[in-house]
1. Relative contact order of the chain: what whole-number percent is it, with Cα pairs under 8 angstrom and at least 6 residues apart?
2. Distance between Cα centroids, region 55-70 to region 93-107: provide it in whole Å.
3. Have a look at Gln45, Asn16, Leu76 and report the one farthest towards the positive end of the charge dipole of the chain, computed about the Cα centre with Cβ charges (Lys/Arg +1, Asp/Glu -1).
4. When the label point is put 7 Å from the Cα of Ile84 along its Cα-to-beta-carbon vector, which residues of region 6-39 have a backbone N closer than 15 Å?
5. For Glu89, Glu10, which order do you get if you count the other beta carbons within 10 Å of each Cβ and list the fewest first?
6. With a 10 Å cut-off between alpha carbons and a GNM built on the chain, which of Lys82, Lys90, Lys64 moves the most?
7. In deg cm²/dmol and to the nearest 500, what is the mean residue ellipticity at 222 nm of the chain if only DSSP H runs of at least 4 residues count, each as -39500 (n - 2.57), divided by the residue total?
8. Can you give the extra length, in nm with one decimal, that the chain gains between Ala7 and Lys46 once fully stretched, where that is 0.36 nm per residue apart less the Cα-Cα distance?
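Any read-out appearing in this document is the output of simple, stated calculations on the displayed coordinates, not a laboratory observation. Because the structure is a prediction, the values reported are computed rather than measured. Here the Cβ positions follow ideal geometry from the backbone for every residue, glycine too, while neighbour counts run over all protein chains shown.
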Amino acid sequence: MGSIGSAGFELFQAQNAFFQLVGPYINGYAFGDTDRLVKVVERVQKDGRRIPDLQTIYPGVTFKSKSDWESANSDLANGISKPISMLEEKKDDIRRQRIQQGIEEKFSKLTSKEIISR
């Protein structure tokens, strides 16, 4: 990954900062409708089975050997089934916790839930 100034380090730190800043808002809205969230995660799983050319997208960044990409990507896509199952099984618990923590009230006023298709 490198250290300060190297692309890998800087990208990783930018990702962490992004998650810290917007994570509570994204999760606040996303988990308000677990049935819809399951559909979104299933779409991510399906779309994620295609491997983009990461070396073209991120020139100069070192990746695993291209020969390892297919199996790693397949493992990742298959692993998404566990969170999908958890969302389906614990949807009532998630809603109850959101209500108790005030998250439901704060984020329940979203008027548009549509995701633009490609």
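1. So the answer I get is 32 percent.
2. When both Cα centres are located, 40 Å separates them.
3. It is Gln45.
4. Taking a point 7 Å out along Cα→Cβ of Ile84, the residues of region 6-39 whose backbone N falls under 15 Å are 35-39.
5. Least crowded to most crowded, the residues run Glu89, Glu10.
6. Looking only at Lys82, Lys90, Lys64, the largest GNM fluctuation is found for Lys64.
7. -21000 deg cm²/dmol
8. 11.2 nm
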